[in-house]
Amino acid sequence: MNSYYNQNYTEKDITKILETIKECIQSNNYTIAMNENRQENIDFINEYNIRSDRQKSILLQLQTDDFCHTLQNTKVGYEYEVLYVFVPQVNLFDANGIETTVDIYIKINIIDTPRGNRVAVISFHKRNKPIDYLFR
């Protein structure tokens, strides 16, 4: 396990974090990063034709046992941010219409704003590295 990864959480801690995340998603106070630095997200969404309603559904179905770890943001000026990593296993259909189970690497930032919390989904793509679930 990488020393940057933090698994010092209880199930209750993560359940509470997920409540905050899901409240933001339900009220559409979230974005999935799809800029030039997030080509992997764009490619994944296109590969499985995951429309915005399905993206939202996947995020709303996150469970406490999908949690892996947190890490500190390493981007200059954002080092105070905690990023939450979840890897749910989701059934998706490929371009040939074949259903397959995919581990989706989801990295989330909860942003506290004067108007309340927002969620930025920084990573939303196939898992591309080994992970350890905390509660499985």
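What follows is calculated from the coordinates using simple rules that are stated; it is not laboratory data. Please read these numbers as outputs of a predicted model, since none were measured by experiment. Here Cβ is always computed from backbone atoms with ideal geometry, including for glycine, and neighbour counts include all displayed protein chains.
Across the chain, the volume of the C-alpha convex hull divided among the residues equals 117 Å³ per residue. Would you list which aspartates and glutamates come within 19 Å of Lys12, measuring only between C-alpha atoms, while excluding same-chain residues fewer than 8 positions from it? Straight-distance partners of Lys12: Glu23, Asp65, Asp66, Asp132. With both labels modelled 7 Å from their Cα along Cα-to-Cβ, the Ser27 to Asn8 distance reads 3.1 nm.
Dimensions of segment 1-71 along the principal axes, based on C-alpha atoms and rounded to the nearest Å, stand at 35, 30, 19, largest first. Computed over the Cα atoms of segment 92-136, the ratio of the radius of gyration to the Kirkwood radius (Rg/Rh) comes to 1.14. Think of each Lys and Arg Cβ as +1 and each Asp and Glu Cβ as -1; about the Cα centre, that makes the dipole of segment 11-126 roughly 360 debye.
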